[in-house]
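Asker: Shown below is the structure under consideration.
The values are calculated or read from the model by the stated rules, or taken from the named source; none is laboratory data. Computed from a prediction, not measured in an experiment: that's the story for all the values here. Quick reminder, even Gly has a Cβ in these numbers, built from the backbone with ideal geometry, and neighbours come from all protein chains shown.
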Amino acid sequence: MVTAVHGFAGEIKVKALSGNPAGLLRARTLRLDRKQAGSGPEERNYQVNAARLSGGCAVFALQGVDTGEAALELVGARVFVPRADLPPLEPGEHFVADLVGCEVIASGTGLVGIVAEVIAGPVHDWLAIRRDGLKEEVLLPLISEFVREVDAAGRRIVATPPEGWLDEN
């Protein structure tokens, strides 16, 4: 997500969902989705002129964004990077986009629901799971204690939710 303007020349600061922005620095193109930011065209691709690390974020200079005012319009936008521009995943890592839409199966009880989104948290991420017949999504911590197996290619996640979790939700 674009978190702030950096300087006066139109650079933007981007926080990585992974917590490690170094992998973003290889990107040559960024797609910014400003639906949540509330201003301007909703989605647009930007060519990256320069990228560097600063204060735990990636800082980008984008083609066509050369003033602080232009950069300010991008604050709050979600950032998407072409998969080919990202470093390879380590064993046990998964792209958030690959988890959305996966079935969540509880060991011994069957289908819990479908992953609607992955919510970044300060300590760990959360799976927001849409369950049949419920209006609100339920949250499951994305930690090894509860998430036992992730088969992104097979679109399936095996979980052992906390005791009583399925009864409450």
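Asker: Name the single residue, out of those in region 26-39 being assigned to a loop (DSSP other than H, G, I, E, B) and modelled with pLDDT of 90 or more, that is surrounded by the fewest Cβ atoms within 10 Å (Cβ to Cβ).
Answerer: Here the answer is Arg28.
Asker: Being in a loop (DSSP other than H, G, I, E, B) and of a type in the set (A, V, I, L, M, F, W, C) is the filter here; which residues of region 130-153 pass it?
Answerer: Listed by number, the residues that qualify are Leu134, Leu142, Ile143, Phe146, Ala152, Ala153.
Asker: Right, next: Being among the small types (Gly, Ala, Ser) and assigned to a loop (DSSP other than H, G, I, E, B) is true for just one of Gly23, Gly92. Which residue is that?
Answerer: Only one candidate passes the filter, namely Gly92.
Asker: Considering only residues that are surrounded by 15 or more Cβ atoms within 10 Å (Cβ to Cβ) and under 26 Å from Phe60 (Cα atoms), look in region 120-129 and name the one that is nearest to the chain's Cα centre (by Cα).
Answerer: Ala120
Asker: I would also like to ask the following. Can you tell me which of Val75, Val59, Val5, Val48 is assigned to a loop (DSSP other than H, G, I, E, B), among the hydrophobic types (A, V, I, L, M, F, W, C) and at pLDDT 90 or above?
Answerer: Only one candidate passes the filter, namely Val75.
Asker: How many residues are in contact (Cβ under 8 Å) with a residue 40 or more places away in the chain and assigned to a loop (DSSP other than H, G, I, E, B) if we restrict to region 95-111?
Answerer: Total satisfying the criteria: 5.
Asker: What number of residues within region 84-116 are within 12 Å of Arg156 (Cα to Cα) and surrounded by fewer than 11 Cβ atoms within 10 Å (Cβ to Cβ)?
Answerer: 1
Asker: Give me the residue from region 52-92 that is charged (D, E, K, R) and free of Cβ contacts under 8 Å to residues at least 24 places away in the same chain and, out of that set, farthest from Leu30 (Cα to Cα).
Answerer: Among them, the one singled out is Glu90.
Asker: The conditions are (1) farther than 20 Å from Met1 by Cβ; (2) outside any strand (DSSP E or B); (3) more than 20 Å from the chain's Cα centre (by Cα), and Ala84 fails exactly one of them. Which is it?
Answerer: Every condition holds for Ala84 apart from (3).
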